[in-house]
Amino acid sequence: MFRRTCVSALRATRVAQVSLVFKQLEGNAPLTKKDKPVNSFSDEFMKPPVSTEMESKYGRYAKYSDPALSNVDVSSEVVLNTYPDGAREGRIETTAGVALKDFDANIWDEDFFRKHILKPKLPDELEDCARVTDYALNSCLLGFVILMARYAVLPLWYVGQPAMSMVGQMNIEAEIGSLEDRECKTVVWRGKPVFVYKRSERQMKEILETPMSQLKHPETDEARFPEKRDMAVVIAICTHLGCVPIPNEGLFNGFFCPCHGSHYDASGRIRQGPAPLNLEVPPYKWLDENNIYMGKL
């Protein structure tokens, strides 16, 4: 069989000297009922029947032993026909003076096996203690595995998630206060600078008189800022390459991006330069004269 072939090959190496298991018959031959030859898959790989009689008598290490095979015939006829000229298994001259590391189950007698190999049955309280210890160790190991799996999977969950500092800026309220004409205040919203700019009467007049045909991205000022008409609220990121424009600069008395020369009017609409679109208007609403809300409406 495959298992016996592998064990036989291993016995030829020095690895087999590490443990007594590979030197015993129980480690290199399947346990079958009544010690019959192996005839099926279950005989080769499955466990044999459990004997409650042997387990209660000798402990859990003997639960797979067959009670019928544990009865030793010590009649005079058997002794006469076996010793001293019988098979070498069990002879005194075979078992005497051999080190324990050289143990082979097919040459040792029952007394030696019971004394040196078979462990005595533990008291019930010790068996309970050992069982509780096994449960505790297995529980600790299982908890450690779950903890390691958590820390292995958790980074995959956080991939693509916004930073907690950004989450706190999803919806904000800002106190702007009273602004003078052409005064600008900057508010950070979702990691972006937002200009809150108060326009003068002259700027409002110029914005209203500007025809749509002169705009690269036509939008009316009323559509961009329906509340508090004199206040412009725009995201201060140039729509060309993402630079931050300067307020109160440029050819149209609005915003100017010095990086590549994009000029915006006081409504944030692109008038001249490489920028293709107007400055973006964030979702906002005025709570009162001095406080503004930005975020999901």
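A few notes on this one:
- Put simply, when 230-239, 194-203, 41-50 are sorted by average Cβ atoms within 10 angstrom per residue, most first, you get 230-239, 194-203, 41-50.
- Solvent-accessible area of the range 153-288 (1.4 angstrom probe, protein heavy atoms only): carbon and sulfur portion equals 56 percent.
- Debye, to nearest 20: dipole size of the range 172-294, +1 on Lys, Arg Cβ, -1 on Asp, Glu Cβ: 380
- Protection proxy ranking of 276-282, 262-268, 205-211 - average other beta-carbon atoms within 10 Å, highest first: 262-268, 276-282, 205-211
- Measuring against 18 Å, Cα to Cα, the residue pairs K185/K205; K192/K296; K205/K228; K216/K296; K36/K57 contain K185/K205; K216/K296; K36/K57 as the ones spanning a longer distance.
- Accessible area of the range 172-294 divided out per residue, in Å², using a probe of 1.4 angstrom: 49
- Mean projected area of the convex hull spanned by the Cα atoms of the range 146-297, taken over all viewing directions: 11.1 nm².
The values are calculated or read from the model by the stated rules, or taken from the named source; none is laboratory data. Since this is a predicted model, take the numbers as computed values, not measurements. Note that each Cβ is placed from the backbone with ideal geometry, even for glycine, and that neighbours are counted across all protein chains shown. Each accessible area value is taken on the protein alone, full model and side chains, heavy atoms only, with ligands, DNA and RNA left out. Shrake-Rupley method; radii C 1.70, N 1.55, O 1.52, S 1.80 Å.
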